[in-house]
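Shown next, in C-alpha cells, is the structure this report addresses.
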Amino acid sequence: MKKKKFNYKRQEGLVGYIFILPWIFGFLVFTAGPLLFSLVASFTNYNITSQMDFIGTNNYEKLLFNDQLFWTSLYNTLYYVAFSVPLTTIGAIFLSVLLNQDVPGLRFFRTIYYLPAVLSGVGVYLLWMQLLDPGTGFINMFLGWFGIDGPNWLFDPEWTKPSLILMKLWSVGGGMLLYLASLQGVPKSLYEAAEIDGASKWQQFCYITLPMITPVIFFDVVTSLIGGFQIFQEAYVMTNGGGGPVNSLLFYNYYMWNKAFKVFDMGYAMAMSWILFIIIFILTMINLKLAPRWVHYEGESKR
Amino acid sequence: MRESYFNSMANRKKVLKIVNFLLLCVGSLLFLSPLWWMISTSLKTMQEVMSFPPTFFPKDWKWENFAKTWEAAPFDLYTVNTLTITVLVVIGQVFVNSFVAYGFAKIPFRGRNVLFTIVLSTMMIPGFVTLIPQYVLFSKLGWINTYFPLVVPAFFGSAFNIFLLRQFYMTIPNEMIEAARMEGASHFLIWRKIGIPLTKPALATVAIFSFNGAWNDFLGPLLYVNNENIYTLQLGLQVFKGEMNTQWNYLMAGSLLVLLPVIILFFFFQKYFIEGINLQSGGKS
C-alpha cells in the first residue's frame, strides 16, 4: 500500500517536470547557456568569426580605465534613470489618486491616460521627433502660447535626455493602472475613520494611502529601474543611428550595441554587459534590503 | 463671507472635487494632443507642415497622403511579414506558458519552488547580456535572415507570462484538480479541459501583450533581419523615415498606419489590458 502511494507521487513528480520541460529547455538554451558563454567570452577577444583568445581581464581594464565613451554612456544612462524613474513613479501615483476620487467618467479618463502606454515602437518615436521639432513641432508651439521660447530639444545636447524623459512620461498610464488597482483595495472605512478624527485630505494621503500602496511602489521602482538601464531603441531611432549631439544620447546599451554588432568587438561588448548586470544586481539587492524599512505589508493576506 | 464658505467642510470637499475633475480634464487634453497632432500632421500638405507658426487643424484635409504613404514603400508586404511573426509568437506564448504555468501551480514535484524562483530571477537579467551570445548561437545555426530567432524562443516559455498565468492558476481551488484526478483524468487532460477554459481571461491578456510585443518589436528584426523581402513594419518604417527625411505628413501617416492595429485592439480589448496590470500587482480581480 505504502509503496503504491510512493510510486504515485514519483509519477506525479515526473509529470510535473514534463509540464515545465519547455521552460527548462528554453532556460538552458536561451538563458543559462548564453550567460555562461558570455561570461567566458568576456575574458577573450572574441569577434564571432576568427578569433577567441584568452586575454585575461584586459576588456574590463580597458573599459574602466581607458575608454571615455564607456563613462559617457554610463553617465547618460544614470542621468536618464535618475530622472525618469522618480518622475514616472510620482506621475503615476498622482494620476491614480486623482482617478480614485469617485470622479464622473472614470472609465473615460482611465482609457485616455492608459492609451499612450500601450503604444510603442518606431511609430511613437517618429511622432515624438515631430512633436519635439523646434520649428514645426507641437511642443514648442504649445510653449509659445504661454510666451515660452522652447529649447531645441533633440538638437541641443542639454535637452536630448529631457526629451526622452518627456516621451517616457507620456506612457505613465501603465504605472497609473497598477496604482489604481492597489488604491481600490484600500478599505473605505480607513478614510471614514480618519475623516471623523478630522484628518485633512493631505494627511489621509500621507498616513493611509501612501503606506497602503508601498508594495506596489516597490514593485514599480524595481522594475522601472531595471527597464530604465536598458534604454536603447528610442535613442537608436531618434538619433538616426548616431549617438545624438555630442554623444548625449549614447546610452549604455547603445554603446554596447555598436561594439557588438557594428565593429564586432564581441568580447568587449560582453564584458560591458556583465558590468551592467552587476550594477543592476547591486541596485536591486539594495532595493530588497531597504524594502523592509518602508514597504508596508498588510498582515500576510497576500499570497 | 467668502472665508466662511471655504471653511465649511462640505463646501471645501465640493471645491476639491471640482478642482480634481478639472485637473483630469486638462490632463487628458495634454495626453491626447500628441495623437491629435499625429492625425493632423498626417493630413496636411508639406507646405502647411513647414509653415510657421504650425497650425493645430489642417487647412485642407489631404486624405490621399495615406494612399501615397502606403504606396511609397512595400508596406503591404511588411504587414504580411509582421502578421506572420506575430501570429506564431502569440500561439507559442499562449499555449506553452499556459502549460508550464499549470505545472508550476498545480503539480507538486521536487524542487518546484527553487525552479520557480529561478523563473522569477531571470526577469532581472538585462536583455543585452543574453542578446549577444544568443546572436552568436543563432548565427552559428544559420538563422540570420530568417524568422526563427524571432519566433522559436516564444515556444520555450517567458518568465513574465509564466508568472502571470501561475498567479491566475493559483485562484483555481486544488480540490477541483484533485477531484478530476480521482476520476482518473491525467494532468494533461485537466489542463486542456479545466485549466484552459478557466484561465481564458488571463490567456487573452497574455495573447494581447504578446501581440503588442511582437507587433512593436524593433530590436529583434533590426538584429536578425536585413533582407528587405522579409522586413517587418517596424523596420520598414525606420527605413521609410530615412527616405522621407522631414516630410512629416507622410511620416505621421506611416506611423499612424503602423500604430492603428494596436489602437483598435486596445479599444476592443481594454478589459484584458487592464486585467494584465492587475495580475502583475498581485490583485485578485
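Sites listed here are GluC sites (Glu not before Pro) in the range B:127-189 whose DSSP assignment is loop and whose Cβ has at most 10 other Cβ atoms within 10 Å: B:183. Comparing mean-square fluctuations of B:225, B:206, B:49 from a GNM of chain B with C-alpha springs under 10 Å, the top value falls on B:49. The distance linking the range B:143-158 with the range B:38-57 is 41 Å (Cα centroid to Cα centroid, whole angstrom). How high is the FRET efficiency between residue A:64 and residue A:40 when r is their beta carbon distance and R₀ equals 25 Å, given to the nearest 0.05? The pair residue A:64/residue A:40 has a calculated efficiency of 0.80. For the peptide B:196-205, the mean number of other protein chain Cβ atoms found within 10 angstrom of a residue's Cβ is 0. With contacts taken as Cα pairs under 8 Å and at least 6 residues apart, chain B reaches a relative contact order of 30 percent. Any of A:201/B:13; A:168/A:289; A:168/B:59 with alpha carbons more than 20 Å apart? Name them for me. Over 20 Å apart, Cα to Cα: A:168/A:289; A:168/B:59.
Once both labels are positioned 7 Å from their Cα atoms along Cα-to-Cβ, the gap between residue A:28 and residue B:200 label points is 3.7 nm.
Answer with one residue from A:241, A:274, A:199: the one whose Cα lies farthest towards the positive end of the charge dipole of chain A, charges on Cβ with Lys, Arg +1 and Asp, Glu -1. Result: A:274, furthest along the dipole toward the positive end.
Distance from the Cα centroid of the range B:67-87 to that of the range A:189-234 is 43 Å (rounded to whole angstrom). Dividing the mean sequence gap of close Cα pairs (under 8 Å, 6+ apart) by how many residues chain A holds gives a relative contact order of 28 percent. For chain B, excluding the exposed loop sites themselves (trypsin sites (Lys or Arg not before Pro), DSSP loop, at most 13 other Cβ atoms within 10 Å), the longest remaining stretch covers B:111-283.
Sequence-distant contacts, meaning Cα pairs under 8 Å at least 6 residues apart, place the relative contact order of the range A:153-258 at 35 percent. Sparse packing (at most 15 other Cβ atoms within 10 Å of the Cβ) combined with a DSSP loop state is found for the following chymotrypsin sites (Phe, Trp or Tyr not before Pro) in the range A:224-266: A:264.
For the options A:154, A:98, A:28, a Gaussian network treatment of chain A with springs between C-alpha atoms closer than 10 Å singles out A:28 as fluctuating the most. Distance between the modelled labels on residue B:55 and residue B:243, one decimal in nanometres: 2.8 nm (7 Å Cα→Cβ projection). The helix-only estimate of mean residue ellipticity at 222 nm for chain A, built from DSSP H runs of length n ≥ 4 each weighted as -39500 (n - 2.57), is -21000 deg cm²/dmol after division by the residue total. Neighbouring Cβ atoms from other chains, within 10 Å of the Cβ of residues in A:269-278, number 3 on average. In straight-distance terms, cross-link reach from residue A:62 covers every one of the aspartates and glutamates whose alpha-carbon lies under 18 Å from its own, apart from those fewer than eight places away in the same chain; here that gives A:53, A:265. For the pair the range B:92-142 / the range B:212-245, the C-alpha centres are spaced 26 Å from each other. Within the range A:82-160, the chymotrypsin sites (Phe, Trp or Tyr not before Pro) that combine a DSSP coil assignment with at most 15 other C-beta atoms in a 10 angstrom radius are A:146.
Quick note: the coordinates plus some simple rules give every number you see, no bench work behind them. This is a predicted model, so every value here is computed, not measured. Note that we place each Cβ from the backbone using ideal geometry, even for glycine, and neighbour counts take in every protein chain shown.
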